[in-house]
Amino acid sequence: MAEKFYISTAIAYVNAAPHIGHALEVVQADAVARYMRLQGKDVYFLTGTDEHGTKIQRTAVDRGITPQELADENAGKFKDLAEALGASNDGFVRTSSAEHKSGAQKLWSALEEAGQFYEKEYEGHYCSGCEAFVLEKDLVDGECPNHKRAPELLKEKNLFFKLSEHSDKILKMVESGELEIRPESRRNEFLSLLREGLMDVSFSRPKKTLAWGVDVPGHDDQVMYVWGDALANYITAIGYEDETEQFKRYWPADVHLIGKDIMRFHCGIWIGMLLAAGLPVPKAIWIHGFITSEGQKMSKSLGNVVDPHEILEKWGRDAVRYFLLREIPSGDDGDFSRERFAVVYGGELQNTIGNLVRRVIAMTQKYFDGEVPAGDGKFDELVDGAWKSYHENMKSFNMKAAIESMLEVAREANGYVDDSKPWVLAKTAGEDSAKAEELAVVMGNLIKLCRVVGDMLKTIIPETAEKIAAQVGGDKVEMGEPLFPGVEG
């Protein structure tokens, strides 16, 4: 049986429609999932939506609809986005589903049976944006640093999770690498938090304050803290409640892919929950940064929120995938600029890749009636090095660098065309057998390089990779439509 590989995105919060940041995470996870499938692994790729909490309840009230109606509306948009991006996800979890709720309640009961809860009256600053209590020392000028607004002062009697009991264990797991956190900068950041010691967490909310949530088993007046509910999705979606064969096969996750703003929930609370319940912990948590828009943080008030569907409609699926993976560093922040998008599209996609494949095909058809001649292995060392770099970077969550390995091959091929000048060789090939042989070797080498470019693009822009394979992958090349046509406007 093939080795399994389970990768998940964070589940998107459905209080609003998707923006380009959601597209980034889905595309990153999809590229890794596709890569692992090509390595022969049995992959399960999960994404989905987070549908409970204060923001959902308030947004629904403001719009005059029920929280479930709001969740249904926006969950559909996130599912549509994954499809529009060509995501190969195997599952799409919704936390308002009956299956998720019952699985989350099972996990809660396991924690309660392990003596992990106690009741306490608590007063604190609650940020509805974070769906979390924020310590006063972490506020900046009285505001949540993530959401730039003052949290509410709440006083509630809640059930608390004994996260502090697991702090030292989590610290040892991160230090030893048993729990891998990437990139290194995020690992170091979280280690600093761990060395201060994790604190117990308010893990329920009174129904009189928040009615929209998962009921706490045995406590009719409480609903689960939204993160306690949401984090359980990674196991409820694969059959934790009934301990299905699927659950036994895929858990623990090999990678949780998440944004930097929710690191402490995943690396701290989630790991603590699993340890308390006696369940295996994920092997790795990979953390990406944020996307700015034209150099500024995306904000409705600034009017610079990027609608991924608008960009997809104009530029096409593979161009969007390529830009997000090429331009946004996997573990850091990056900027989405329409001007830069046009530059990358015209320079790298149309010219470096598209025009290379097109003119190699045209010359092969003209000089060899489309039959692919043999090369001489001139670029074997270059290709071997590029593949080595490509594999290392795909496995270490650095898609930007993996794409640069592909571009090295494509640029070398373009330079080889210019240096070898097949059109000059062709002028005397009919009378000079040496020139004819040289021309054949040149074109054979170029076809091989085009094939390598196509193969390296299978995880990044799969539709284009298929087109390249169809055009240069056989014994005879076939000219197709341009890989990256001109875009108006």
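The values are calculated or read from the model by the stated rules, or taken from the named source; none is laboratory data. Values in this document were obtained by computation on a predicted structure and should not be read as measured data. For neighbour counting, all protein chains shown are included, and Cβ atoms are generated from backbone atoms with ideal geometry for every residue, glycine included.
Of note:
- One residue from 59, 66, 54 being surrounded by 20 or more Cβ atoms within 10 Å (Cβ to Cβ), over 16 Å from the mean Cα position of the chain (by Cα) and hydroxyl-bearing (Ser, Thr, Tyr): 54
- Residues of region 338-396 that are of a type outside the set (A, V, I, L, M, F, W, C), within 25 Å of residue 474 (Cα to Cα) and not in a helix (DSSP H, G or I): 369, 370, 371, 373, 375, 376, 377, 378.
This table checks each residue for (1) of a type in the set (Lys, Arg); (2) closer than 18 Å to residue 264 by Cβ.
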position: 85; (1), (2): no, no
position: 94; (1), (2): yes, no
position: 104; (1), (2): no, no
position: 107; (1), (2): no, no
position: 112; (1), (2): no, no
position: 126; (1), (2): no, yes
position: 139; (1), (2): no, yes
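- Any helices (runs of 4 or more DSSP H) falling wholly within region 225-333 and containing at least 2 residues that are more than 25 Å from residue 185 (Cβ to Cβ) and among the acidic types (Asp, Glu): 308-315
- Top-ranked residue in region 160-205 [being among the small types (Gly, Ala, Ser) and out of contact with any Phe, Trp or Tyr (no Cβ under 7 Å at 6 or more places or on another chain); ranked as surrounded by the most Cβ atoms within 10 Å (Cβ to Cβ)]: 167
Residues checked against (1) surrounded by fewer than 18 Cβ atoms within 10 Å (Cβ to Cβ); (2) of a type outside the set (Gly, Ala, Ser); (3) at pLDDT below 95:
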site: 302; (1), (2), (3): yes, yes, yes
site: 319; (1), (2), (3): no, no, no
site: 322; (1), (2), (3): no, yes, no
site: 330; (1), (2), (3): no, no, yes
site: 348; (1), (2), (3): no, yes, no
site: 354; (1), (2), (3): no, no, no
site: 367; (1), (2), (3): no, yes, no
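- Residues located in region 402-436, provided they are of a type in the set (Lys, Arg) and either outside any helix (DSSP H, G or I) or in contact with a Ser or Thr (Cβ under 9 Å, 6 or more places away or on another chain) (or both): 411, 421, 435
- Against the criterion of being in contact (Cβ under 8 Å) with a residue 24 or more places away in the chain and farther than 22 Å from residue 11 by Cβ, residue 179 does not qualify.
- Residue check, residue 378 surrounded by fewer than 18 Cβ atoms within 10 Å (Cβ to Cβ), closer than 24 Å to residue 464 by Cβ and either touching a Gly at 6+ places or on another chain (Cβ under 6 Å) or basic (Lys, Arg) (or both): no
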